[in-house]
Each structure stands twice: as structure tokens, then as C-alpha cells.
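Participant: Just dropping this structure here.
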Amino acid sequence: MKKYRKVTLQITTAFIGASFIVLLGLFFILSSISNLIKSYEKLVVEGTDNALYMDKINKLSMQEQLVCSNYVLSTSDENLAAMEAEERRIRFELNASLEEFGNRMRGSEKEQIYHDISSSCYSYFSDISIAMKLRKDTSKTIAQQYMSKNLLSSFTTINKNILTLSDYIQNEVDTSKKYMGWYSRTALIWVFITGFTILFFLIAAFIIVTNLTARLEKNKNNLQAEVENKAKELTVQNNKLIYIQEQTIIGMANLIESRDGETGEHVKRTSMYVDLLVRAAKDYGYHREILSDHYIELLKKAAPMHDVGKIAISDKILKKPAKLSSEEFESIKSHTTAGSRIISKVLSNIESTDYLQIATDVAMSHHEHWDGNGYPQGLKGEQIPLSARIMAIADVFDAMVSPRCYKAAIPAEEAFDFIEKSSGTHFDPILVDLFLKKKADILMIMASS
């Protein structure tokens with residue numbers, strides 16, 4: 001009897017222990033599934049909607065910029081009323097989107113970032129209203145000057161704040177993905193513990209747990225696929241923001257060039273000449289420690305900013321159709337230092353350190369001469385940054401073959417002769433040789449523009 005009671009107690013104890021393990025395992029399994037579902041909802045539903053709102057705000061901001069630019073640059077007053085109506089419509093829609101997005105952010109950790117986006121948008125509205133009013137009440141030139149000085153900074157602030165929110169959402173995605181993996185692993189571990197325990201006492205229970213494991217694995221794969229898709233979508237959004245930044249930089253460079261009678265073709269051609277020359281230098285093996293593919297892409301992106309400092313030069317000097325006085329020439333020379341300062345101030349928070357270094361070098365030093373007789377610092381030879389030496393040849397060549405308010409264009413052959421004769425004095429001799437070898441390609445670029 002005592003032996004029977006002892007075996008019964010052991011069986012009862014084992015059964016209670018196994019039941020406790022089974023119940024504990026089921027609790028952790030259900031808890032992990034619940035957490036997986038919550039993570040999925042937060043990642044897919046909230047993340048998708050936030051990304052859509054950011055994309056909509058970006059597109060509307062770009063439309064607002066385009067309408068304002070067309071309004072300010074319009075040579076006729078006939079369509080101004082229609083453009084004003086279009087600007088009001090876009091602004092109303094953007095305000096509605098900001099309000100809807102703000103309601104979503106209210107009470108969340110991202111609320112302050114939303115307020116930064118909203119504030120920068122309203123500041124941007126104010127700058128656009130002023131630019132359009134100046135165009136309507138004063139003159140196109142004054143409106144262009146105001147637009148050049150203020151809208152780039154406002155627009156880049158909006159992009160910077162949206163990038164901050166994108167980074168925040170990306171961090172949430174990464175965190176959700178990490179917890180989803182942890183919950184999946186926890187659930188699987190407890191499924192196996194429960195399975196082996198139930199297998200020891202009841203075969204049927206083992207079959208049920210096995211099926212549950214299969215379903216969990218399938219859900220895990222589906223959730224991981226959703227996470228990967230969301231990560232790809234966020235990458236596309238970031239690429240769109242980068243494209244918007246690049247187009248904004250090119251647009252502002254074109255606007256600045258238009259002040260002295262030049263069109264956006266100068267920015268386009270010089271960028272193409274720079275790209276052609278820097279790739280020829282890389283193929284030749286010149287400064288191979290510098291000329292990586294990454295450097296080449298950054299230089300091509302920075303080339304349009306070489307004359308951004310002209311925004312600080314008065315129209316009286318910039319558009320003078322005669323020879324400049326010594327005081328006026330000194331003022332013109334200051335566009336190099338002004339350009340470097342503007343790039344550092346405006347783009348420091350939204351561009352990489354590598355890009356800022358190349359862009360400031362190009363703006364500051366593209367008028368330096370190989371023999372040391374250039375400006376603003378009188379650098380000589382290899383002291384001049386490689387990016388500025390490449391930019392100098394492209395800029396001077398295009399300036400010679402293009403008409404300006406103070407001169408007529410000269411034939412391409414004369415410009416090539418000047419570049420060749422200036423080898424070793426004005427320009428880097430090796431770069432001059434490479435440039436002249438690309439004469440046929442350069443003439444094709446000229447013809448296409």
C-alpha cells in the first residue's frame with residue numbers, strides 16, 4: 001500500500017509538474033504571438049501611414065516651390081492670378097495634410113519632430129508669400145533676390161526635419177524587427193519545451209504543439225517579409241529626399257546664374273565638362289588615391305554650387321556691360337569666399353562631410369591659378385584642391401564660348417587654344433592635356449546644349 005501511494009504521489013507530482021510546464025509554455029507562446037501581432041501592427045500600419053504622409057508633404061512642398069518659382073520668374077503678368085490661385089490650393093491641401101499628420105503624432109514620442117516640420121513649413125509659406133508679393137508689387141529682380149536668399153534655407157530645413165522623422169521611423173522599424181525576432185525565438189523555444197513535455201505524457205498534445213509550431217514559423221516568415229518590404233519602402237523614401245535635395249541645389253544654382261543673364265545651361269554644361277574631365281583623370285591614373293567613384297559622384301553633385309556666392313554680389317556689378325573698376329572687381333572676387341560660407345552654413349546639417357568639403361573647395365578655389373596669381377588665397381600648384389583645379393578649366397572654357405552681358409561668345413577653337421596656352425600658368429598641365437584629348441566629346445556637349 002505504501003509503495004502504491006508513493007508511485008501515485010510520484011505520478012501525480014510528475015503530472016502536476018508537466019501540466020505546469022505545459023501551461024507556462026502555452027502562456028509564453030500566446031504572449032509571444034500577441035507581441036508579434038502588436039509589433040506587426042505598429043510596423044506595417046503606423047509605419048506605412050506615416051511614410052505616406054511624409055511623401056505627400058514632400059510632394060506638396062515641391063509643388064509649392066515650383067509654383068512660386070514660376071510666379072517669380074514669369075515675364076508676363078497675364079497668368080499671375082491663375083498661379084496665385086494654384087498656390088492657395090496647394091497651400092490649403094498642405095495645411096490639411098499637416099493637420100492630419102499632427103493629429104496622428106499628438107501624444108507620441110514623435111510629436112516634437114512633427115512640430116519642427118510644421119513650423120518650418122509655415123516659415124516656408126511666409127517666405128513664399130513675401131517673394132510673390134515682391135514680384136507683384138515691386139519687380140521680378142527683387143523677388144528673385146529674396147527667393148535666392150531665403151527659400152533654399154527654408155526648404156532645406158523642411159527636408160532636414162523630414163529626414164529626422166524618417167530616421168526615427170527607421171529606428172522604430174529596426175526595433176520592431178528586433179523584438180519580433182526575439183518573440184519568435186522565445187515562442188519557438190517554449191513550443192519545443194512544451195512539445196517534449198506533452199510527448200512524454202500525451203501523444204495527441206505533441207501533435208497539436210507541432211502544428212502550432214508550423215503556424216508560428218509561417219507567421220514569422222510572413223512578418224519578416226513584411227519587415228523587409230517596409231525597409232525597402234523607407235529606402236525608396238530616403239532616395240526620393242536625396243533626389244529632391246539635389247534638384248533643389250541645381251534649381252537654386254540656375255536661379256543664381258540667371259541674375260547675370262546666363263541660363264541653366266551653364267550649370268548643366270560645366271557639370272558635364274567636370275564629369276568628363278574627372279573620369280579621364282581617373283582612367284589616366286592621376287591622383288588615384290583621391291579619385292574614387294564616390295569622390296567623382298560628389299564632385300559632379302557639387303559642381304553646380306561653384307558660383308553660389310554670386311548671390312552676395314549686387315546686380316549693378318554683376319550685370320555691368322563694361323569693364324569693371326578695381327573696386328568692382330574686388331567685389332566680384334568676394335563671391336568665392338561668400339560661396340564657401342553659404343555652403344557651410346546652409347548645407348552643413350543635411351549633407352555629408354565629404355560633400356561639404358568638396359563643395360566648399362570648389363566654391364572657394366575655382367579662381368586660383370596654377371602659378372599662384374589667382375584669388376582669393378593665392379594658392380599655387382598642388383596647394384589648390386584637385387576639385388577646384390578641375391572646376392576651373394570647365395568654368396573658364398564655358399564662360400569663353402558663352403555670350404555674357406559684357407562680351408560676345410568666342411569660337412570653341414579659340415577657347416581650346418587659350419586653355420592650351422594657359423597650361424602651367426592658369427591651369428594644371430596634366431588636366432589641360434586630358435581636357436584637350438576630350439575635345440570631340442566637349443564639342444558634342446556644346447552641340448547638344
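Participant: Looking at (1) touching a residue at least 40 places away in the same chain (Cβ under 8 Å); (2) open to solvent by less than 50 Å² (accessible area, probe 1.4 Å); (3) farther than 26 Å from residue 416 by Cβ, which one does residue 321 not meet, given that it meets all the others?
Facilitator: Status for residue 321: all satisfied but (2).
Participant: On to the next question. Criterion first (within 18 Å of residue 132 (Cβ to Cβ) and among the hydrophobic types (A, V, I, L, M, F, W, C)) does residue 52 satisfy it?
Facilitator: Spelling it out, it is not the case that residue 52 is within 18 Å of residue 132 (Cβ to Cβ) and among the hydrophobic types (A, V, I, L, M, F, W, C).
Participant: Out of all the residues in the stretch 335-382, which are part of a loop (DSSP other than H, G, I, E, B), hydroxyl-bearing (Ser, Thr, Tyr) and open to solvent by less than 50 Å² (accessible area, probe 1.4 Å)?
Facilitator: 375
Participant: Same structure, new question: Of the residues 77, 127, which is part of a loop (DSSP other than H, G, I, E, B), within 18 Å of residue 140 (Cα to Cα) and charged (D, E, K, R)?
Facilitator: Exactly one residue qualifies, and that residue is 77.
Participant: Here are the criteria: (1) free of Cβ contacts under 8 Å to residues at least 40 places away in the same chain; (2) open to solvent by less than 20 Å² (accessible area, probe 1.4 Å); (3) under 21 Å from residue 286 (Cβ atoms); (4) out of contact with any Leu (no Cβ under 9 Å at 6 or more places or on another chain). Tell me which single one residue 415 does not satisfy.
Facilitator: Condition (3) is where residue 415 drops out.
For every residue, the table says whether it meets (1) modelled with pLDDT of 75 or more; (2) out of contact with any Pro (no Cβ under 9 Å at 6 or more places or on another chain).
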residue	(1), (2)
225	no, yes
241	no, yes
248	no, yes
252	no, no
255	no, yes
306	yes, yes
313	yes, yes
316	yes, yes
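Participant: Right, next: Which members of the stretch 273-299 meet the condition of being of a type in the set (A, V, I, L, M, F, W, C) and open to solvent by 30 Å² or more (accessible area, probe 1.4 Å)?
Facilitator: 276, 290, listed by residue number.
Participant: Let me ask you something else. Within the stretch 63-82, how many residues turn out to be surrounded by 17 or more Cβ atoms within 10 Å (Cβ to Cβ) and either more than 13 Å from residue 131 (Cβ to Cβ) or hydrophobic (A, V, I, L, M, F, W, C) (or both)?
Facilitator: The number of residues fulfilling the criteria is 4.
Participant: Can you find even one residue in the stretch 106-120 that is under 22 Å from residue 156 (Cα atoms), at pLDDT below 75, open to solvent by less than 10 Å² (accessible area, probe 1.4 Å) and not in a helix (DSSP H, G or I)?
Facilitator: yes
Participant: Condition first: in a loop (DSSP other than H, G, I, E, B), closer than 19 Å to residue 388 by Cα and among the hydroxyl-bearing types (Ser, Thr, Tyr). Can you find one or more residues in the stretch 309-327 that meet it?
Facilitator: No, the stretch 309-327 contains no residue that is in a loop (DSSP other than H, G, I, E, B), closer than 19 Å to residue 388 by Cα and among the hydroxyl-bearing types (Ser, Thr, Tyr).
Participant: Right, another one. Step by step: first the residues of the stretch 52-74, then only those that are touching a Lys or Arg at 6+ places or on another chain (Cβ under 8 Å) and in a helix (DSSP H, G or I), then the one that is farthest from residue 146 (Cα to Cα). Which residue is that?
Facilitator: 53
The values are calculated or read from the model by the stated rules, or taken from the named source; none is laboratory data. Quick caveat, the model's predicted, so the values are computed rather than measured. Note: ideal-geometry Cβ built from the backbone for every residue, glycine included; neighbour counts use all protein chains shown. With ligands, DNA and RNA removed, areas are computed over all heavy atoms of the protein, side chains included. Shrake-Rupley method; radii C 1.70, N 1.55, O 1.52, S 1.80 Å.
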